[in-house]
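A.B. asks: Let me give you the structure first, and then I'll get to my questions.
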Amino acid sequence: MKVKCIILMILSGIANLASAASVGFQQFTLVSEASRQVNASIWYPTQEATPKERIGENIAFIGTTVVKNASLSTMKRPLVLLSHGYRGNWRNLNWLATALAEQGMIVAAVDHPGTTSFDQSAFSASKWWLRANDLVRLLDVLLADTKWQAIIDQAEISVVGHSLGGWSAMHLIGAQFDRGVFLEQCREYNNPRTCGLGEELGLNEPQPDEPNQVALLDKRITKAIILDLGLARSLSVTSLNKIDVPTLILAAGVDIGDLPQALESGYLAEHMPISTRRYKVYEKAAHFSFIQLCKAQASLILEQEHAGDSIICRDGVDTTREQLHQIMFRDIYRFLTQPI
């Protein structure tokens, strides 16, 4: 009788997971001890189907459909943390967050003060270590909240970061910023789109309240996915050699003027233990192929707003961003769901 009950419970859980076609969505603000206000967004499976709303949509970009402030499910589910790129925001990976939530995962993102579309401040940006702390703070808050704690599977907590967000995510799994390495690499590979951010991000010289021997490793993170990161060559080889968290490194093969992926994502792959990392290059993807879908007139609109911004909607030839997203999601979801 006990075996029968257990089987019925398992089957019931599978049925609930499969039927969670709707995605709930909430937003809230975190306040750290240093009064750093961080806006957070969270996507999750829900049984509520209405009222549906579009989020992350505007005249340039395509959003997704969710049910705002919907009720939570009662199952334990994996948690995925998201970190946006330089001057990006939660909308950039909204497509990925919604797709993962549709498949039964909880996804949470932050807008990093100082380096987000809605808060560009050199003072805040120079506190580079606080980007990783934002993610740690978000995780702390969720696990301290009884309603989220009850449904988060603490054995499956992952982090996904795009561009500068990938750099921040690397800190959570043990990578360490080395200023000497950064300056040396910038003398050898002096690319203005990467090294040019050194002053604004506080990388060129020590900051007044910068921690010594920074190690932002968070042992609660069980997997990491790095999407075409930048500033890889500022991370110490020694720290990369020691990373034991399973990591999926995904790179864009189309060069848009940054350092070629072989010198960024490839740098990680070269120095991380081959037993813990996987490395794939999307030959037809560009750096911004990882963010949300562009509408038909988006390139023109973005170019009119700011010269050069049309590059945000540029992908490789003979493909579409929608096609690339399908491949990317397949690779990401497979990595997140496979046994460690």
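A.B. asks: Residue separation times 0.36 nm, minus the C-alpha to C-alpha distance between LEU300 and ALA215: what's the value?
C.D. replies: That works out to 26.3 nm of additional length.
A.B. asks: Amide H to amide H, which residues 5 or more places from VAL160 or on other chains are under 5 Å from it, using H placed in the peptide plane?
C.D. replies: Those lying under 5 Å, H to H, from VAL160 are LEU81, LEU82, SER83, ILE225.
A.B. asks: Right, here's the next one. Just to be sure I understand the model, the point goes 7 Å from the Cα along the line to the Cβ. What's the resulting LYS242 to GLU205 distance in nm?
C.D. replies: 2.9
A.B. asks: Now, a different point. Determine the gain in length on full extension of the stretch LEU143-ALA49; use 0.36 nm per residue of separation and subtract their C-alpha separation, reporting nm with one decimal.
C.D. replies: That works out to 31.2 nm of additional length.
A.B. asks: Continuing with the same structure: In whole angstrom, how long is each semi-axis of the equivalent ellipsoid of segment 53-138, when you take the square root of 5 times every eigenvalue of its Cα gyration tensor and sort them from largest down?
C.D. replies: That gives 25, 18, 9 Å for the three semi-axes.
A.B. asks: Per residue of segment 278-295, in order, report the coupling 6.51 cos²θ - 1.76 cosθ + 1.60 (Karplus, θ = phi - 60°) as ³J(HN,Hα) in whole Hz, putting x for Gly and Pro.
C.D. replies: In residue order, the calculated couplings are 10, 9, 9, 10, 8, 4, 9, 9, 9, 4, 8, 5, 7, 9, 5, 5, 8, 7 Hz.
A.B. asks: Can you compute log10 of I(q)/I(0) for the chain with the Debye formula, treating each Cα as one identical point scatterer, at q = 0.06 Å⁻¹?
C.D. replies: Values returned for q = 0.06 Å⁻¹ are -0.21.
A.B. asks: Can you say what percent of the DSSP beta bridges in the chain, counting only those with both residues inside, are antiparallel? Round to 5.
C.D. replies: In the chain, approximately 45 percent of DSSP beta bridges are antiparallel ones.
A.B. asks: Another question, if that's okay. So how far, in whole Å, is the C-alpha centre of segment 24-86 from the one of segment 312-340?
C.D. replies: Computed from Cα coordinates, the inter-centre distance equals 21 Å.
A.B. asks: Shifting gears a bit: For the chain, what does -39500 (n - 2.57) per DSSP helix run (n ≥ 4), summed and divided by total residues, give at 222 nm, in deg cm²/dmol to the nearest 500?
C.D. replies: -9000 deg cm²/dmol
A.B. asks: Another one. As an exercise, use a Förster radius of 45 Å and the Cβ-Cβ distance of GLU188 and SER32 to find the FRET efficiency, rounded to the nearest 0.05.
C.D. replies: It comes to 0.80.
A.B. asks: Using the basic label-point model (7 angstrom from Cα toward the beta carbon), what is the ALA155 to PHE123 distance in nanometres?
C.D. replies: Those two pseudo-labels are separated by 4.7 nm.
A.B. asks: Another one. Under a GNM of the chain (C-alpha, springs under 10 Å), which listed residue has the highest mean-square fluctuation: LEU79, LEU30, LEU216?
C.D. replies: Judging by the Gaussian network model, the answer is LEU30.
Computed from the coordinates by the stated procedures, all read-outs in this text should not be read as laboratory data. As the structure is a computational prediction, the values presented were derived from the model and not from experiment. Cβ: placed from backbone, ideal geometry, glycine included. Neighbour counts: every protein chain shown.
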